[in-house]
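Notes to accompany the following structure.
The values are calculated or read from the model by the stated rules, or taken from the named source; none is laboratory data. Owing to the predicted nature of the structure, the values given are computational and were not obtained by experimental measurement. When we count neighbours, we look across all protein chains shown, and the Cβ atoms used for this are built from the backbone with ideal geometry, even at glycine. The protein model used for the area step is the full one, side chains on, heavy atoms only, and it has no ligands, DNA or RNA in it. Shrake-Rupley method; radii C 1.70, N 1.55, O 1.52, S 1.80 Å.
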Amino acid sequence: ARLAPARPGATPTAAGASSSHPTRRGRMSSCGTPRAAATLSSPPASERPAPNPPGPLDHARHRDAVLSRLPPGKLVYVPAGKAQTRNGIEGNARFRQEPDFLYLTGVEEPGYHALFGTGADAPFVLIAPRQDPEMDVWCGKQASRDELRAVTGADIVYYDDEFHKALDAVEAQEGQTVFVPSHDACALPNDPDGLFLGLRPETTALGKVMAKARSLKTAEEVACLRFANKVSGDAHVAMWRHASRAFKGAQPRQLWEHELEAVFAGETMKMGLRHLGYPSIVGAGAHAATLHYERNDAMVRSADDLVLVDAGAEWRGYTADITRTFPAGGKFEARRRAVYEAVLDVQVRAIAEMRAGANWQMVGARAKLNTVQNLIDLGIVRGNAQDAVMAGVCGLFLPHSLGHLLGLQVHDVGPGGPVPDGSLEPGHVVTCEPGIYFVDGLLEPALEDRFLKDFLVRDEIERFKAVGGVRIEDNIAITEDGAENLTTCPKTVEEIEAICAAA
């Protein structure tokens with residue numbers, strides 16, 4: 001991935017009121033409105049192909065985690081994302097929901113709004129886009145209010161031409177504070193009737209509360225991440241096998257980066273994970289040294305070339321973020337194996353430190369020190385490891401941090417941003433992704449720098465440049481008594497070579 005430098009409500013008397021909680025999250029059509037009842041009454045298609053995927057999330061619990069931390073007597077307004085058209089007239093691009101809205105409601109489709117009151121017995125009002133009946137031919141019949149309540153747990157459902165009813169349901173008052181998402185200072189809905197003009201939007205508190213709640217995952221959320229990791233890890237292994245078969249025999253066939261990208265996407269989609277968490281990175285040879293390489297359009301030139309693949313698919317919005325680096329032909333050449341095992345050593349040591357109470361910054365600092373020491377042991381760097389780290393040598397070979405929070409976003413939110421703020425806590429899920437890269441744009445100037453050049457062994461750097469880059473990335477869930485590595489994809493040299501040999 002891109003690298004980092006159930007709340008119960010009252011039973012209102014309005015039409016459509018209910019206090020039931022969701023038993024299944026609704027899936028809506030690409031037209032932005034709900035599918036008909038026949039579709040909603042059966043499991044979503046994304047649930048059917050996968051063996052034993054995690055069940056529905058308790059979004060009422062998520063709502064309580066947020067709303068209980070806000071002062072009573074206020075309002076909260078959160079919009080869903082908007083559909084984006086492709087070239088203006090050619091239908092909609094594939095939609096991915098706003099993470100905050102998905103966390104609170106479970107609705108995956110565009111055009112919705114959520115309105116909450118804070119305090120005891122305050123309702124959850126869902127505002128749905130009203131579909132023109134003429135669009136039923138194209139998009140399917142729109143679900144009823146009762147069907148929407150059943151799949152979302154909303155207390156009341158109105159349509160987007162009934163905002164006045166939604167405001168009455170939450171007893172909105174002139175001058176009342178309404179908390180809105182911090183990433184959108186103009187987050188209140190398009191309001192030609194001026195219904196929201198008397199409210200006072202506040203754009204800071206909700207973002208902070210959402211970040212704290214989302215950073216601490218429930219067991220259900222961790223189960224989604226575990227499942228996404230299992231399916232994504234299996235797809236990584238499928239790429240290894242595919243590449244190895246291409247290079248077997250007397251006359252190896254051509255193999256392309258995008259071909260491997262397609263293998264990953266196909267394998268995960270077959271298991272019902274229809275969305276990738278981020279654009280896949282598939283870089284062979286020198287391209288493995290480009291951190292955000294997304295072109296994926298080159299040929300894999302040699303069986304010895306390392307292929308760095310950073311790819312993860314998501315389940316119910318929760319994404320895996322896995323990186324594996326493997327030899328295209330299935331067998332590690334000596335230099336590439338040495339660098340790979342140096343990176344794996346750093347990762348294994350770092351994961352061993354990850355537990356509740358561990359200081360995240362210190363875990364990262366020790367990983368940098370271990371990286372430099374391993375570079376010294378390889379003969380690429382000389383001198384004292386601590387001195388080299390202080391001089392900035394680690395950044396020449398590892399120009400990114402150890403990892404980041406993971407969840408509904410690949411760089412998930414937390415009180416301190418996308419990385420843990422201070423110590424790790426139970427419920428945190430973080431990536432651990434050390435690497436070693438040979439990047440000309442970093443190394444060539446350093447070899448001429450009067451402070452850095454004495455730490456660098458020019459001849460050995462030149463000899464190892466063919467490696468390109470290595471990164472190994474796992475997803476770690478912090479528990480009460482330690483940590484769980486959610487990423488079960490093999491990663492030792494012996495495991496990778498054995499899988500490729502049997503392909």
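Please state which one of ALA298, ALA352, ALA311 is over 24 Å from the mean Cα position of the chain (by Cα), small (Gly, Ala, Ser) and at negative phi.
Among ALA298, ALA352, ALA311, only ALA298 is over 24 Å from the mean Cα position of the chain (by Cα), small (Gly, Ala, Ser) and at negative phi.
Give the residues of the stretch 366-394 that are assigned to a helix (DSSP H, G or I) and open to solvent by 50 Å² or more (accessible area, probe 1.4 Å), sorted by residue number.
ARG366, LYS368, LEU369, GLN373, ASP377, GLN386, ASP387, MET390, listed by residue number.
In the stretch 151-170, which residue that is in a helix (DSSP H, G or I) and open to solvent by 50 Å² or more (accessible area, probe 1.4 Å) is nearest to LEU197 (Cα to Cα)?
Per the stated criteria, the residue is HIS164.
What are the pairs with Cβ atoms under 7 angstrom where one residue, in the stretch 289-301, is under 15 Å from PRO399 (Cα atoms) and the other, located anywhere, is assigned to a helix (DSSP H, G or I) and open to solvent by 40 Å² or more (accessible area, probe 1.4 Å)? Sequence gap at least six, or different chains.
Partner pairs satisfying both residue conditions: TYR293/HIS287.
Which pairs turn up if I take residues in the stretch 305-317 that are basic (Lys, Arg) and look for partners that are open to solvent by 10 Å² or more (accessible area, probe 1.4 Å) with beta carbon separation below 7 Å, at least 6 apart in sequence or on another chain?
Correct list of pairs: ARG316/LEU57.
Could you please find all residues in the stretch 91-139 being loosely packed, with under 15 Cβ neighbours inside 10 Å and in a loop (DSSP other than H, G, I, E, B)?
GLY91, ALA93, ARG94, GLY119, ALA120, ASP121, ARG130, ASP132
Can you tell me which residue in the stretch 448-480 is least open to solvent (accessible area, probe 1.4 Å), limited to those that are out of contact with any Lys or Arg (no Cβ under 8 Å at 6 or more places or on another chain) and assigned to a loop (DSSP other than H, G, I, E, B)?
Result: GLY468.
Which condition breaks for ALA483 when tested against (1) of a type in the set (A, V, I, L, M); (2) touching a Leu at 6+ places or on another chain (Cβ under 7 Å); (3) not in a loop (DSSP other than H, G, I, E, B)?
(2)
Go through the stretch 279-308 residue by residue and tally those that are among the hydroxyl-bearing types (Ser, Thr, Tyr) and open to solvent by less than 20 Å² (accessible area, probe 1.4 Å).
Adding up the residues that qualify gives 2.
Within the group ALA262, ALA235, ALA223, ALA243, which residue is under 25 Å from THR479 (Cα atoms), of a type outside the set (Ser, Thr, Tyr) and at pLDDT 95 or above?
ALA223
Taking strands (runs of 3 or more DSSP E) that fall entirely within the stretch 211-321, which contain at least 1 residues that are under 15 Å from LEU486 (Cβ atoms) and aliphatic (A, V, I, L, M)?
Here the list reads 313-315.
In the stretch 487-503, how many are among the aliphatic types (A, V, I, L, M) and either part of a strand (DSSP E or B) or surrounded by 23 or more Cβ atoms within 10 Å (Cβ to Cβ) (or both)?
Total meeting the criteria: 1.
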